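What follows is a single structure, written as structure tokens, with notes after it.
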DNA sequence: CGATTCTTTGAAAACAGTCAATCTGTGTGG
DNA sequence: CCACACAGATTGACTGTTTTCAAAGAATCG
């Protein structure tokens, strides 16, 4: 059950994991199955766990005064879900995270992840790389948001994360891009005609 | 000359810096003065250094096909400048970074920062916290970009980084917010009338 | 003072959002 | 197997916001 996570860590690290490392990691992981639309985190809560997704898909979003959802993050198999700011700073989150599909995940508490990262060099390395990658992706997204048109942003997403387009309906993708579902529909129709 | 950087590190770390630590840090730092509009990094180059700003202000921006600049980052005293992705991955940057004002900075190479972070626990801690803070701020900005109107984004910037409004002209602020200078001018006039 | 940079304003055009209606496909229960 | 409900996608007409372009007004600096 834990193999995907172990593989994932190995993938990000030059140092191999020892048998002991693996056992420690397995012991810290809590398996949890989420039903469709079940919340992993609600606004105002502290994000106690980070979730490594084994199967399924989750979305992280804020909700504005009008009740509109704005999706900041989409995660599928072999990705993490969780509000890192809330999880690290122990502050109440401004986001909701829920399962878009039925989702199996491994949950890890902050205390355990600190402990593991401190005692497993391979994990320390992997964790650092993941954080870096995450930050790079975020700056990229900021740049896309301020410099590209809706059409260009969609094209970029299509190239960068084609899985998302298979996996999530268009109104979710639209929200991720910061536009309405109607605008996305029109953008796509225009693109087809070219 | 290095005090601001040492203070900055102490500020982010519970562990105190030893005399030896400080000497190592000072030795790794290269002082450089940038004239107004002088480039620290140009598109296509690898970002060899990170810069800690002692005095002055820098901006990081991409340039689109039309030649329009889109500002992804503004840095002033006691902030860092540099394209972290390029610096870490040694890949060509898609950004320009230049000095908006005459700027004094301490430059550190990737090799030196790795060496220092590995050998100075206080710095390792500080560096981790800085990276986290940076990532949190970026997700926030993504959320603001997809969920807030131009007016709300300006209000948020005003509250969060009031120094910026003193320091940079409006067309720079507008670009940072992802709008045109004309729109920002009108947004501000409307806000005053309330 | 003159030059440059920055800010504001106006009018038109492009773009995106809203609301309501329709269309499509999927899956459920009778 | 059909009828129906439901979620998703599309379309049209309308509204509102933002951009664009051009011009003119401040402000700043040598």
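No lab work stands behind these numbers, since they all come straight from the coordinates. All values derive from a computational prediction rather than experimental measurement. Because the Cβ atoms are built from the backbone with ideal geometry, glycine has one as well, and the counts that use them run over all protein chains shown.
To keep it simple, each residue is scored yes or no on (1) in contact with a helix residue (DSSP H, G or I) (Cβ under 6 Å, 6 or more places away or on another chain); (2) part of a loop (DSSP other than H, G, I, E, B).
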residue	(1), (2)
B:21	no, no
B:32	no, no
B:40	no, no
B:43	no, yes
B:61	no, no
B:66	no, yes
B:70	yes, no
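Within segment B:128-160, the set of residues being facing chain A (nearest Cβ under 9 Å) and under 18 Å from residue B:185 (Cα atoms) comprises B:148 only. Among the residues of segment A:169-182, those that are away from DNA strand C (no atom under 11 Å from the Cβ) and in contact (Cβ under 8 Å) with a residue 40 or more places away in the chain comprise A:172, A:176.
The residues in segment A:161-182 that are in a helix (DSSP H, G or I), within 14 Å of another protein chain (Cβ to nearest Cβ) and either loosely packed, with under 13 Cβ neighbours inside 10 Å or more than 9 Å from DNA strand D (Cβ to nearest atom) (or both) can be counted, and the count is 3. Regarding residue B:185, is this residue within 14 Å of DNA strand C (Cβ to nearest atom) and surrounded by 16 or more Cβ atoms within 10 Å (Cβ to Cβ)? In short, no. Within segment B:149-168, if we keep just the residues that are more than 17 Å from the chain's Cα centre (by Cα) and within 21 Å of residue B:100 (Cβ to Cβ), the residue that is nearest to DNA strand C (Cβ to nearest atom) turns out to be B:154.
Scanning segment B:117-125 turns up at least one residue that is away from chain A (no Cβ under 14 Å), farther than 30 Å from residue A:148 by Cα and not in a helix (DSSP H, G or I).
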